[in-house]
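First up is the structure itself, then whatever we jot down about it.
The values are calculated or read from the model by the stated rules, or taken from the named source; none is laboratory data. Being a predicted model, the structure only gives us computed values, none of them experimental. Virtual Cβ from ideal backbone geometry, glycine too; neighbours counted across all protein chains shown. Just the protein is used for accessible areas: all its heavy atoms, side chains included, with ligands, DNA and RNA removed. Shrake-Rupley method; radii C 1.70, N 1.55, O 1.52, S 1.80 Å.
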Amino acid sequence: MKTINAGLIGYGMAGRIFHAPFLNVVPGFNLSKICTNNPDSIKLANERYPQATVVSKPEDIFQDENINLVFVLTPNETHYELTKQGLLANKHVVVDKPFTATTTQAEELIEISKKTGKILSVYQNRRYTSDYKTVKKLLEAGTLGKIVEFTSCFDRYVPGLRPKKWKEEAREACGVLYDLGSHLIDQTLQLFGMPVEVTANIRYQRENTLIDDYFMLTLQYPEMTIYLHSGMLVKSPGPVFAIHGTNGSFIKYGLDVQEGHLDEGRIPVGIDWGKEPQSMWGTLSTYINGLPVTAAVESEKGNYTEYFENLRDAIWGKASLAVNPTDSRNVIKIIELAFQSTKEKRTIPVV
């Protein structure tokens with residue numbers, strides 16, 4: 001099959017950690033161009049990927065007829081416009097989460113993708129973490145019986161405002177709900193579909209913060225309640241998953257190891273990539289033959305590589321796209337309803 005020439009627009013954390021390392025090792029891709037104006041990023045990109053040409057303007061990528069695939073890895077408020085430009089330039093486009101600021105923007109991009117015949121995907125890499133894959137396996141096996149309560153958290157401790165970070169500025173689609181909430185909501189919708197009601201409590205907790213830095217979402221389903229939480233003042237985080245069903249409970253602590261390893265500069269290859277240590281395995285509490293049993297559950301291996309392999313195969317026409325833009329549009333819809341719920345101080349039906 002024809003090699004897919006890729007261009008990255010942006011080489012901050014997203015480009016450096018979550019995209020370039022995989023494009024450099026997954027067969028079928030060629031990292032052709034990197035767009036950045038940051039001197040430190042230019043230096044690092046040249047050192048790590050000498051085969052790629054570093055350019056200063058997105059147009060240098062959009063106008064390159066040899067580039068098939070564009071990654072939009074820029075500040076959130078630019079996602080809609082740059083993704084639109086990429087699709088209209090006849091490129092496949094992957095945009096970092098959050099997809100867009102509004103569902104209206106998301107729907108327009110989906111229609112352009114259909115008209116141009118180009119693939120559009122959002123980088124929802126948290127579908128490929130060890131904790132989520134373990135939870136998905138348990139739910140598919142019916143191990144916990146009927147789920148009645150499901151809690152998922154993505155907490156951090158960042159008590160002060162981050163210097164020189166655009167994510168701390170009052171820009172469109174910024175804040176912890178658009179940022180980390182996109183992951184939690186996407187995982188939830190993949191497991192359970194759309195809820196019937198949304199109730200939200202979104203706050204600004206840190207001194208002088210310009211962005212929302214805390215949320216608690218309650219997603220109501222016909223026979224189940226889901227709680228999604230993220231905060232930036234959580235020094236001692238609780239479990240990342242706490243799931244309770246008619247047959248027992250599953251509790252899991254600790255975030256997936258891949259991001260930390262990528263930040264250290266590790267190459268995402270090898271049989272141990274994404275493997276969690278036993279100390280991070282979750283705990284299943286259930287009954288066997290009427291007797292209570294508590295045991296560790298070996299974590300599934302996380303592997304962001306699966307996203308890129310599926311993307312490649314979808315572009316080649318060999319597979320359906322795993323992370324389709326309609327899913328990500330629904331994530332933005334839940335975020336919009338959450339802000340409405342907080343503003344109006346009421347539960348909002350999902351229609």
Check your understanding: Tell me which lysines have Cα within less than 30 Å of Lys252's Cα, excluding those fewer than 8 residues away on the same chain?
Key -> Lys97, Lys133, Lys136, Lys137, Lys146, Lys167, Lys235, Lys275, Lys301, Lys333
Revision key, fill the gap. From DSSP H assignment alone, runs of 4+ in the chain each adding -39500 (n - 2.57), the sum over residues rounded to the nearest 500 puts [θ] at 222 nm at -9500 deg cm²/dmol
Point to revise | Among Ala200, Ala106, Ala141: highest mean-square fluctuation, GNM of the chain, C-alpha pairs under 10 Å | key: Ala141
Practice item. With the full set of protein chains in place, find how many percent of the accessible area of region 60-139 is carbon and sulfur; take the probe as 1.4 Å. Key: 45 percent
**Study point:** the chain - charge dipole about Cα centre, Lys and Arg +1 at Cβ, Asp and Glu -1, debye rounded to 20
**Key:** 140 debye
Point to revise | Spatial extent of the chain: Rg and Dmax, with the Cα atoms as the point set, Å | key: 20.5, 67
Point to revise | Surface per residue (accessible, 1.4 Å probe) for the chain, Å² | key: 45 Å²
Practice item. Could you quote the convex hull projected area for region 100-156, Cα atoms only and averaged over all directions, in nm²? Key: 6.6 nm²
Revision key, fill the gap. The Kirkwood hydrodynamic radius of region 177-269, taken as the inverse of the mean 1/r over all distinct Cα pairs, in Å, comes to 15.4 Å
Practice item. Would you kindly calculate the mean projected area, averaged across all directions, of the convex hull enclosing the Cα atoms of region 217-351, in square nanometres? Key: 13.1 nm²
Exercise for review: Would you look at the GNM of the chain, springs on alpha carbons closer than 10 Å, and say which of Asn289, Asn37, Asn208 moves the most?
Suggested key: Asn289
Review point. In region 146-204, carbon and sulfur make up what percent of the accessible area (probe 1.4 Å)?
Key: 49 percent
Study note, to complete from the structure: So the angle from the long Cα axis of helix 39-48 to the longest Cα principal axis of the chain, reported in degrees to the nearest 10, equals 90 degrees
Practice item. Give, in whole angstrom and from largest to smallest, the semi-axes √(5λ) of the equivalent ellipsoid of region 17-111, with λ running over the eigenvalues of the Cα gyration tensor. Key: 23, 14, 13
Point to revise | Spatial separation of Cα centroids for region 281-343 and region 149-195, in angstrom | key: 15 Å
Review point. Using the reciprocal of the averaged 1/r over all distinct C-alpha pairs, how large is the Kirkwood radius of region 54-156 in Å?
Key: 16.0 Å
